[in-house]
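The values are calculated or read from the model by the stated rules, or taken from the named source; none is laboratory data. Fair warning: this is a prediction, and the values are worked out from it, not measured in the lab. Here the Cβ positions follow ideal geometry from the backbone for every residue, glycine too, while neighbour counts run over all protein chains shown. We work out accessible area using only protein heavy atoms, side chains counted, and drop any ligands, DNA or RNA first. Shrake-Rupley method; radii C 1.70, N 1.55, O 1.52, S 1.80 Å.
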Amino acid sequence: LWLDFRVPYPFDIVVPKKVIRSYQFLSRYIMELQHTNKLLVNAWRVSTQSKLFQWVTSRAGNWFARSSALRNAKVQLVDALLYCTMVDGIQPEYRQFLDSIDSISEVNQLVSQHTERMNRILTSCLLLNPMFVKIVTRMLKHCRQYSLFMFSSVSTVENAATTHNGDQNRAAVL
């Protein structure tokens, strides 16, 4: 999935199509990391604020503790990937690019510097390594599936707890 963007005439000389594709790929990767991180955090928030937290810890605390440890590991991994991408990959190259702009006198130098910096950013983030991209994509997919599983588990357990409490209330009335 690509968002197509056409650069108007004078700027298309400075920002070629290859650089736009690099920006799209990088921003898509960052947004995917952030989205997965939010899903994992929201799954934890929903599960601890619901009746699931009290109900499960009293009946199946071991399962819930292992699930929490798994979620923590997933969040730490996604946070580490996001941190390495932003701080170790993008920031240094961006600063160097801004510093080098003052010494550039021709458009061709600017284009080559820009293209070179984007390639360095993608290389330092390991996004030019197809095996890494495949593994990270698969890992993020599993994290999203885990989050959706936690959301569905919360609703299932809350429905079961509500039904169980409703049965107890009906029995007390009878």
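Numerical summary
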quantity	calculated
Local electrostatic count at residue 5 - Lys and Arg +1, Asp and Glu -1, tallied over other residues with Cβ under 12 Å	+1
Placed amide H near residue 127: partners under 5 Å, 5+ positions off or other chain	none
Shape category assigned to segment 75-157 from the gyration tensor of Cα positions, a/c cut at 1.5	prolate
Cα-based equivalent ellipsoid, segment 92-139: semi-axes from gyration tensor eigenvalues, Å	29, 10, 5
Solvent-accessible surface ranking, highest first, for 88, 12, 102 at 1.4 angstrom	102, 88, 12
Peptides ranked, highest mean first, by Cβ atoms within 10 Å: ranges 130-140, 22-32	22-32, 130-140
